Amino acid sequence: METVIKTYELSKIYGKQHAVGQVSLNVEKGEIYGFLGRNGAGKTTTIRMLLGLVKPTQGRIEIFGEEFYQNRYNILKRIGSTIETPGFYPELTAIENLKINAMLIGISDAEAIEKALDTVGLLDEKNKIVKNYSLGMKQRLGIARAILHSPELLILDEPTHGLDPAGIKEMRRLIKALSEKRHITIFMSSHILSEVQQLATTIGVIHKGKLLEAISLENLRMRNRKYIEIQVSDDGKAVILLEKKMHLNDYEVHEDRTIRIYSHLEKIGEINRLFVENGINVTKLTLSEDNLEDYFLDLTGGEAIA
Amino acid sequence: MLNLLYIEILKLKRSKLFMVSLLGAMVVPVMIFFMLTSMRARNPQSIITFENYFRQTDMFILLMIGTLLFGLLTTYVFNREYQEETLKNLLTIPVGRKSLIISKLLVVLMVILALMLFSFLLTLILGLIGHFEELSVELLIRWGQLYLYSGLLLFLLTPSVILITLLFKNYIAAIGFTIAVSVVSIIVAQSEYVLIYPWTVPGVIALPDLFVENEKFTMIHSWVSLGLTFILPLTASIIYFEKTDIN
């Protein structure tokens, strides 16, 4: 797998405050990397460092396998980005605003602007002055501007910030489509757990400037499964019974003779009866679920994300 | 660079700054017109020459309105990228930071020259309406050139406003600064320091017959003062902007 973004102990210190501390990111080609953290966790500062707007106090950045600060201009040409609420020249129309970017990037294809506006569903509003755009429209226009030059990597900082539920849904659809249809690698930050969970293939959790964990969605789902938790007098005998009599293999044995069974949850009564009939005392039997929010709460030391 | 320059001009489209600048550039020709015509009304024997009208208008622009008006223009051109949060987009396209400053500086120069030309044409039209005398082609060419030259000299004062805009990232500090230096100009204009105070120096250089060299200062001092006021803040602006974080 090709690595698109790699950072080595990236840090930013303002005075005595460590805004970002030793963040080592690894973003693979084609994935949607959800950069999750509370407001003020260091997401935007990290993104600004990735885009060369803020200079790191220490650490290194490699993008597309190249050292960022030595090849900054060439690398940035392959990236599209929006940072927080995208800014536009309010007196200009959408098409005029994009024309500025197209000229600066050196896009000669006149259709590129219309194509980008069409992708985000703003083609009919192309001649509207941007100051009359709603926040949702501005966010979409920001995406149109970011994809104008067909970038290989999109860096989106809080792309659903300030949007209503319909706008969030539309933005989610758009990001997914860009990833699936155009195969763009997407690095997006958010403070909303459910949003990241619905979009990202990998989630990196940043808290108080530190990257606490980076985990694939697959692994995350594993952690989020429902299970039967059963405490027995003889866990060795119990697992033999589970395998031979119930044909269950999807279980884990934990401390204190506790077994977690992840499949056939509807057979909770049957399992209990099996153990009792075979002389195993059942001291605890519950149907549990690892809540994703609880998982992040544990990770952040009890502070909620959103 | 040409692209950047075109884009800077495009950004001014539909901008209120155009109207505000035109109104600002109208103030002095209209004010002097009424001043001269009311003097003539009190003394019907007196004549008003175009020479006098052009001179008075240019002097007031150089010593009062120019610094304020062009300071406001410069602040707007530079500060809008912070206010409208467009700077982060420009720098991640990417546009070179130095190129951005220079292209904006060139736009400021172009607009200043256009406004000076507008003031010159308005002065001419008002002079014709007021039946002012002694108009000639030679006079028109000479004063046309001098208005543009005055604009160029006033442009040399703009880097200090750029530096303040970049440092404080708001309109208030830069506008406060231009008001302060303009007020001081009026005070200094009556003193020997008129030859070295940067914001009166354009007037001294453009209209040298109005100011006399004194024991302390000569025209060389004036040029050095103006040159340093252009070069030092511009260099500081470029260095600061190249190094600063964009938050």
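Just to be sure I understand, how many residues within the range A:1-48 are polar (S, T, N, Q), surrounded by 23 or more Cβ atoms within 10 Å (Cβ to Cβ) and either within 15 Å of the chain's Cα centre (by Cα) or closer than 14 Å to A:ILE203 by Cα (or both)?
Adding up the residues that qualify gives 1.
Given the structure, is A:MET171 part of a helix (DSSP H, G or I), open to solvent by less than 10 Å² (accessible area, probe 1.4 Å) and without any contact (Cβ under 8 Å) to a residue 40 or more places away in the chain? Explain how you work it out, then say what you get.
On the way: part of a helix (DSSP H, G or I): yes; open to solvent by less than 10 Å² (accessible area, probe 1.4 Å): yes; without any contact (Cβ under 8 Å) to a residue 40 or more places away in the chain: yes.
Judged against the criteria, A:MET171 is a match.
From the residues in the range A:61-101 that are at the interface with another protein chain (Cβ under 9 Å from one of its Cβ atoms) and of a type in the set (Lys, Arg), which one is nearest to A:GLY30 (Cα to Cα)?
The extreme case among them is A:LYS77.
Restricting to the range A:109-138, count the residues that are among the hydrophobic types (A, V, I, L, M, F, W, C), open to solvent by 70 Å² or more (accessible area, probe 1.4 Å) and touching a strand residue (DSSP E or B) at 6+ places or on another chain (Cβ under 6 Å).
Counting residues in the range A:109-138 that are among the hydrophobic types (A, V, I, L, M, F, W, C), open to solvent by 70 Å² or more (accessible area, probe 1.4 Å) and touching a strand residue (DSSP E or B) at 6+ places or on another chain (Cβ under 6 Å) gives 0.
Condition check ((1) of a type outside the set (D, E, K, R); (2) more than 25 Å from A:ARG48 (Cβ to Cβ); (3) surrounded by 19 or more Cβ atoms within 10 Å (Cβ to Cβ)) across all residues:
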{"position": "A:ILE175", "(1), (2), (3)": "yes, no, yes"}
{"position": "A:GLU195", "(1), (2), (3)": "no, no, yes"}
{"position": "A:GLY209", "(1), (2), (3)": "yes, no, yes"}
{"position": "A:VAL239", "(1), (2), (3)": "yes, yes, no"}
{"position": "A:ASP250", "(1), (2), (3)": "no, yes, no"}
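Go through the range B:1-23 and count every residue that is within 14 Å of another protein chain (Cβ to nearest Cβ) and either exposed (fewer than 12 other Cβ atoms within 10 Å of the Cβ) or at pLDDT 95 or above (or both). If you could, list the steps in order and put the result at the bottom.
First, pick out the residues of the range B:1-23 that are within 14 Å of another protein chain (Cβ to nearest Cβ): B:1-20.
Restricting the remaining residues to those that are either exposed (fewer than 12 other Cβ atoms within 10 Å of the Cβ) or at pLDDT 95 or above (or both) gives B:1-2, B:16, B:19.
Going through the range B:1-23 one residue at a time, the tally reaches 4.
Residues in the range B:45-54: is at least one in contact (Cβ under 8 Å) with a residue 40 or more places away in the chain, in contact with a strand residue (DSSP E or B) (Cβ under 8 Å, 6 or more places away or on another chain) and of a type in the set (A, V, I, L, M)?
yes
Among the candidates B:MET26, B:MET64, B:MET110, which residue alone is part of a helix (DSSP H, G or I), under 23 Å from B:LEU128 (Cα atoms), away from every other protein chain (no Cβ under 14 Å) and out of contact with any Gly (no Cβ under 6 Å at 6 or more places or on another chain)?
The unique qualifying residue is B:MET26.
Would a scan of the range A:260-268 turn up a residue that is surrounded by fewer than 12 Cβ atoms within 10 Å (Cβ to Cβ), at pLDDT below 90 and more than 30 Å from A:ASN39 (Cβ to Cβ)?
First, the residues of the range A:260-268 that are surrounded by fewer than 12 Cβ atoms within 10 Å (Cβ to Cβ): A:266.
Okay, now just the ones that are also at pLDDT below 90, so A:266.
When the remaining residues are screened for being more than 30 Å from A:ASN39 (Cβ to Cβ), the result is A:266.
Yes, the range A:260-268 has at least one match.
So, of the residues in the range B:41-61 that are of a type in the set (A, V, I, L, M, F, W, C) and under 22 Å from B:VAL181 (Cβ atoms), which turns out to be farthest from the other protein chains (Cβ to nearest Cβ)?
Of the residues in the range B:41-61, the ones of a type in the set (A, V, I, L, M, F, W, C) are B:41, B:47-48, B:50, B:54, B:59-61.
Imposing the further condition that a residue be under 22 Å from B:VAL181 (Cβ atoms) reduces the set to B:59-61.
Values: B:MET59: 35, B:PHE60: 31, B:ILE61: 27 Å.
Within the range B:41-61, the match that is farthest from the other protein chains (Cβ to nearest Cβ) is B:MET59.
Which is in a helix (DSSP H, G or I), in contact (Cβ under 8 Å) with a residue 40 or more places away in the chain and away from every other protein chain (no Cβ under 14 Å), of B:ILE162, B:ILE187, B:ILE220, B:ILE172?
Answer to the check: B:ILE162.
With the condition kept exactly as written, say whether any residue in the range B:64-77 is farther than 30 Å from B:SER99 by Cβ and either open to solvent by 20 Å² or more (accessible area, probe 1.4 Å) or at pLDDT below 95 (or both). Steps first, answer last, please.
Let us first name the residues in the range B:64-77 that are farther than 30 Å from B:SER99 by Cβ, namely B:64-65.
After this cut, where a residue has to be either open to solvent by 20 Å² or more (accessible area, probe 1.4 Å) or at pLDDT below 95 (or both) as well, the list is B:64-65.
The answer is yes; a qualifying residue exists.
Checking B:ILE179 against (1) among the aliphatic types (A, V, I, L, M); (2) within 21 Å of B:LEU23 (Cα to Cα); (3) touching a helix residue (DSSP H, G or I) at 6+ places or on another chain (Cβ under 6 Å), which test does it fail?
(3)
Of the residues A:GLY40, A:GLY52, which single one is within 14 Å of another protein chain (Cβ to nearest Cβ) and free of Cβ contacts under 8 Å to residues at least 12 places away in the same chain?
It is A:GLY40.
Quick one: in the range B:178-237, which of the residues that are of a type in the set (Phe, Trp, Tyr) and within 30 Å of B:LYS98 (Cα to Cα) is surrounded by the fewest Cβ atoms within 10 Å (Cβ to Cβ)? Please lay out each step first, then the result.
Looking only at the range B:178-237, we keep the residues that are of a type in the set (Phe, Trp, Tyr), and these are B:193, B:197, B:199, B:211, B:217, B:223, B:230.
With within 30 Å of B:LYS98 (Cα to Cα) added as a condition, the list becomes B:197, B:199, B:223, B:230.
Working: B:TYR197: 22, B:TRP199: 28, B:TRP223: 13, B:PHE230: 18.
In this case the residue turns out to be B:TRP223.
Among what's in the range B:40-57 and is farther than 16 Å from B:VAL30 by Cα and not in a helix (DSSP H, G or I), pick the residue that is least open to solvent (accessible area, probe 1.4 Å).
Filtering first and then ranking leaves B:SER46.
Please state which one of A:ILE215, A:ILE230, A:ILE259 is under 30 Å from A:PHE187 (Cβ atoms), of a type in the set (A, V, I, L, M, F, W, C) and not in a helix (DSSP H, G or I). Walk me through how you get there before you give the answer.
On the way: A:ILE230 fails: under 30 Å from A:PHE187 (Cβ atoms); A:ILE259 fails: under 30 Å from A:PHE187 (Cβ atoms).
After ruling out the rest, the residue left standing is A:ILE215.
The values are calculated or read from the model by the stated rules, or taken from the named source; none is laboratory data. No experiment lies behind these values; they were computed from the predicted model shown. Glycine also receives a Cβ, built like all others from the backbone with ideal geometry; neighbour counts cover every protein chain displayed. Note: accessible area is taken over every heavy atom of the protein model, side chains too, but ligands, DNA and RNA are not part of it. Shrake-Rupley method; radii C 1.70, N 1.55, O 1.52, S 1.80 Å.
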